[in-house]
Every structure is written in structure tokens, then in C-alpha cells.
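*Asks:* Right, I'll just put the structure down here and ask away after.
The values are calculated or read from the model by the stated rules, or taken from the named source; none is laboratory data. The shown structure was predicted, so the numbers you read here are calculated from the model rather than taken from an experiment. Ideal geometry is used to build each Cβ from the backbone, glycine not excepted, and the neighbour counts take in all protein chains shown. Please note that ligands, DNA and RNA were not included when accessible areas were found on the heavy atoms of the full protein model with its side chains. Shrake-Rupley method; radii C 1.70, N 1.55, O 1.52, S 1.80 Å.
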Amino acid sequence: FVERKLFTLNMGHCVTAYLGNIAGHKTIREAIEDPAIRSEVKQAMEESGEVLINRYGFERVKHAAYIEKILGRFANPYLVDEVDRVGRQPIRKLGPNDRLIKPLLGTIEYGVANGTLLKGVAAALKYTNDSDPQAVELQASLQDVGVKKTLAHYTGLNENSKEIQQIEALYA
């Protein structure tokens, strides 16, 4: 259940923030009310959910209901959550045991779809915030050594992996 929270709520929150940032949204609610973003966040949650279903035997119908519950929380008009607050510290969030890469590693392990998770990682690389030291460091690394080496350094993924190649193409 700890991984379910990480793979669903935390990952979905993060992907909502990064896609919302690219689209110019200021809050998580604005971002999740964008039909294109909502669709992609839900798809990313379904991809990470396949890992949970395979690994822990979660019931597919119950997990789908959990995803809908989380999406509803993101849209709650009484919770004003800034995209910049949720998106900050992108290097930590790109770590091998955190909300973006750990579910991605699970999709690789189980051979399940991960295209939208890859898009979420690419979106994280686009996050800029001059008041966030990690965002500044991440952007500097992208400028200095490029997408592949930056991803390999922060995520632990193999620089020559098909996943890094796909993320690089999505980033471009």
C-alpha cells in the first residue's frame, strides 16, 4: 500500500504538475481539469497500476476506483495546490526509488506499457524554477551533458537503454 500511494498518488500528482507546467497551468486543479492532461495522468496511473496488479495482486476494478478517487482529489476546488510546489525538487523525484522511476522500473520488469510514464519523465526534464536549486541543477546538467547523460546520472537508467532513447525523443 506504500508503493500504491507512491505509484499512484505521488506519481500522478507529479506528472500532473510537470504536464501542467508545460501547458502554463498554475495549479494542480487547473492542470487536471485540462482534458488532455487528465487523460495522460490517468494513463500513467494505469501503467504504474499494472505493476501493482502484477506485483501484489491488487484487484483491477478496485485499483481503477482508487485511480478515479485520486483524480477527484486533484480536482478538489477546496485544495489550492500550486504546480510549482508539487514540481519542485525534480532531481529527487527522478531518483531510482522515487515516484517517477520506481514505477517505470516496474513496467520494465513486468514488460507492460510505459509510454505515458516516459512522457512524465520527459516533462520533469522541462521543469524550470529559478528558486528551486534542484531545478536549476537539472537544467544546467541538461545544458552541459545532454538528456541521455543527465537521465543516466539522476535516474540510474542505462544511458543506452531504449527507455532513455524514448524519453530523449519525447523531450525533444
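*Asks:* Identify, from the list T116, T107, the residue that is over 20 Å from A135 (Cβ atoms), in a helix (DSSP H, G or I), more than 13 Å from the chain's Cα centre (by Cα) and among the hydroxyl-bearing types (S, T, Y).
*Replies:* T107
*Asks:* Within the bounds of the stretch 5-24, is there any residue that is open to solvent by 60 Å² or more (accessible area, probe 1.4 Å) and without any contact (Cβ under 8 Å) to a residue 12 or more places away in the chain?
*Replies:* Yes, there is a match, as at least one residue in the stretch 5-24 is open to solvent by 60 Å² or more (accessible area, probe 1.4 Å) and without any contact (Cβ under 8 Å) to a residue 12 or more places away in the chain.
*Asks:* Do we find a residue being open to solvent by 20 Å² or more (accessible area, probe 1.4 Å), under 25 Å from D84 (Cβ atoms) and not in a helix (DSSP H, G or I) anywhere in the stretch 140-162?
*Replies:* Looking through the stretch 140-162, none of the residues is open to solvent by 20 Å² or more (accessible area, probe 1.4 Å), under 25 Å from D84 (Cβ atoms) and not in a helix (DSSP H, G or I).
*Asks:* Let me ask another. Of these, I37, I28, I101, which one is among the aliphatic types (A, V, I, L, M), surrounded by 18 or more Cβ atoms within 10 Å (Cβ to Cβ) and free of Cβ contacts under 8 Å to residues at least 24 places away in the same chain?
*Replies:* I37
*Asks:* Now a separate question. Could you please find all residues in the stretch 129-139 being in a helix (DSSP H, G or I) and surrounded by 13 or more Cβ atoms within 10 Å (Cβ to Cβ)?
*Replies:* Answer for the stretch 129-139, where residues must be in a helix (DSSP H, G or I) and surrounded by 13 or more Cβ atoms within 10 Å (Cβ to Cβ): Q134, A135, V136, E137, L138, Q139.
*Asks:* Mind listing just one residue for me: the one in the stretch 75-98 that is open to solvent by less than 40 Å² (accessible area, probe 1.4 Å) and either hydrophobic (A, V, I, L, M, F, W, C) or in a loop (DSSP other than H, G, I, E, B) (or both) and, of those, farthest from D130 (Cα to Cα)?
*Replies:* A75
*Asks:* Pairs please, first residue from the stretch 42-63 and in a loop (DSSP other than H, G, I, E, B), second anywhere and among the β-branched types (V, I, T) and surrounded by fewer than 20 Cβ atoms within 10 Å (Cβ to Cβ), Cβ atoms under 9 Å, 6+ apart in sequence or on different chains.
*Replies:* That search, which allows pairs on different chains as well, returns E59/I53.
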